[in-house]
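Written below as structure tokens is the structure these notes are about.
The values are calculated or read from the model by the stated rules, or taken from the named source; none is laboratory data. No experiment lies behind these values; they were computed from the predicted model shown. Ideal geometry is used to build each Cβ from the backbone, glycine not excepted, and the neighbour counts take in all protein chains shown. In case anyone asks, the SASA skips ligands and DNA or RNA and just uses the protein heavy atoms, side chains included. Shrake-Rupley method; radii C 1.70, N 1.55, O 1.52, S 1.80 Å.
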Amino acid sequence: MEKKIFSIVTLGCFRNRYDSGVVTNRFLTKENSLLEPDKISKKNKADILLVNTCGFIDSAKLESIQVIKEAIELKKEKKVKEVYVFGCLVERFKNQLARHFPQVDKWRGVESFEKKYKKRKLGQKPVDFIKICEGCINRCSYCAIPLIKGPLASRPIPEVLKEVKKIDKAGVKELNIVGQDITSWGKDLSKKQNLANLLKHIVKTIKKIKWIRLIYTYPKHFSNDLIDLIASEKKICNYIDLPIQHINKRVLKLMNRKITPEDIISLIKKIREKIPDCAIRTSVIVGFPGETESEFNQLLDFIKEIKFEKLGVFTYSQEEGTKAAKFPGQIHHMTKKKRKRRIMEAQQKIGADNLEKFVGQEITVLVLEKRKGFYIGRSQYDAPEVDGIVFIKRDKLKIGRFYKVKVTDSLEYDLVAE
Ligand code: SF4
């Protein structure tokens, strides 16, 4: 069997990160070897360059197309022999892409559930991800994901636990649980199955994993059981990723978010009461078709009042095939940009003020890497990549270990500790 060198570029969300682990494992046979994409050169050539694309919104689509072009360029320069492109963008636009980029050797959309999860190359210790379900039943009017990934498909408990055991055995310390909407896990299996129930099984199964983080929840499906479990179970991070998207009643209805502003407010209140130190991350969409200036101001005022620890803001993207793409009142891109900027300016101050509260406090961090003169770590209040880090001015720490540190300073998004 001929030895092959392959490389893989992953775009988009943590779920794509997980899928790339599956594809990497398929290519990583005894003969083949993996080359980091940024190491590809005339001297270090790759036989196959794989690109895992994102097709969620305009900016992500543009980024994926840019990376495909760069991969083709590498092929022209004979640094790469073949280019394979897969994932969400291909699932949506395979024929157009193939016509436009004939230099690409293989196209593949998203894979079916069963076929995918047989084996997977584990992530970089001490942090890993597990996908517990695929697809989505919520049908938000602006979202293309159900068009790409189909309806909800939850992985049965035994299969999830089998993989959790493997990840735990491999010495992972932080396990991030992902899906399109993990709070709908089990709804397609039986009435009794729900995320809180699954988490109880996972907590019983793990030995080395100390942090379980919940990413991509859906407010409407966020149960009191789940809040109580997060509040009582030390191994589940006091961190909740809870996209609300908006707070205005009419806009939430048009988005088909199936929830009222009052429900969102009471959910956040319950979380704050039961888990006082919880870091809540949310994301909002500005410039949804028909969003008036006063509806936008209502959202801005709400963000200033609630003071989310972490917040991502997206401009509405008119996605082909979604209901909202045909809604009247599509908003000018300059107005969208202005609204995004106003939310980001407000959140920057809120985020920095929230971080300042940590100065003088002792927190537990997971040490992730060593830099010159300091270490990089993260607390339970920060998710990988999307949130802040902790700069630790200490010596002789071990990567992958937890340490108690004292926070000495706070920056815009990060903390300094010793
Ligand atoms: S819950 Fe998330 S993935 Fe599902 S339709 Fe809504 S935005 Fe899309």
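Exceedance of the 25 Å cut-off in Cα-Cα distance is limited, within the set K200/K274; K210/K349; K173/K370, to K210/K349. Here the accessible area of region 122-241 is 55 percent carbon and sulfur, with a 1.4 angstrom probe and all protein chains present.
Comparing W107, V407, V286 along the charge dipole axis of the chain, the residue lying farthest to the positive side is W107, per the Cβ-charge model. Take every pair of alpha-carbon atoms less than 8 Å apart whose residues are at least six positions apart; their mean separation over the length of region 4-113 yields a relative contact order of 26 percent.
Modelled this way, with points 7 Å down the Cα-to-C-beta line, the labels at I137 and L62 are 3.7 nm from one another.
Distance from the C-alpha centroid of region 362-385 to that of region 2-38: 26 Å, rounded to the whole angstrom.
Solvent-accessible surface of the chain, taken per residue with a 1.4 Å probe and all protein chains present: 48 Å².
To the nearest 20 debye, what charge dipole does the chain have about its Cα centre, counting +1 at the Cβ of each Lys and Arg and -1 at the Cβ of each Asp and Glu? Numbers along the way, then the final one.
Values: 85 positive and 53 negative charges, 281 e Å.
Charge dipole of the chain: 1360 debye, to the nearest 20.
Projecting label points 7 angstrom from Cα along Cα→Cβ for K274 and S41 puts them 5.4 nm apart. Dipole magnitude for region 362-417: computed about the Cα centre from +1 point charges on Lys and Arg Cβ and -1 point charges on Asp and Glu Cβ, it is near 500 debye.
In this label model, E31 and E418 are separated by 5.7 nm, measuring between points 7 Å along each Cα→Cβ vector.
Rolling a 1.4 Å probe over the protein heavy atoms leaves S283 with an accessible area of roughly 20 Å². If a/c stays under 1.5 just call it rounded; otherwise compare a/b with b/c (prolate if a/b is bigger, oblate if not). Do that for region 4-113, with a ≥ b ≥ c from the square roots of the Cα gyration tensor eigenvalues. Since a/c reaches 1.5 but b/c is at least a/b, the shape of region 4-113 is classed as oblate.
Overall shape: rounded for region 362-417, with the ratio a/c of the largest to smallest alpha carbon gyration tensor axis below 1.5.
For region 134-194 versus region 286-354, the spacing of their alpha-carbon centroids is 28 Å.
Can you pull the percent of region 322-394's accessible area that's carbon plus sulfur, 1.4 Å probe, other chains left in place? Display every interim value, and only then the final one.
Details: 2290 of 4130 Å².
On region 322-394, the fraction of accessible area on carbon and sulfur atoms equals 55 percent.
For region 4-113, the carbon plus sulfur part of the accessible surface works out to 53%, probe radius 1.4 Å.
Residues of region 182-214 with the amide nitrogen closer than 16 Å to a label point 7 Å from the Cα of K258, along Cα-to-Cβ, please. Those under the cut-off are 182-195. For E2 and Q193, a Förster radius of 56 Å and the Cβ-Cβ distance give a FRET efficiency of 0.75, rounded to the nearest 0.05. When the Cα gyration tensor is reduced to axis lengths a ≥ b ≥ c, the ratio a/c stays below 1.5 for the chain, which is therefore classed as rounded. Annotation: cysteines of the chain without a disulfide-compatible partner (Cβ-Cβ under 4.7 angstrom) are C13, C54, C88, C133, C136, C237, C278. Taking amide H as placed 1.01 Å from N in the peptide plane, S33 has its amide H under 5 Å from the amide H of K4, I5, F6, each at least 5 places away in sequence or on another chain.
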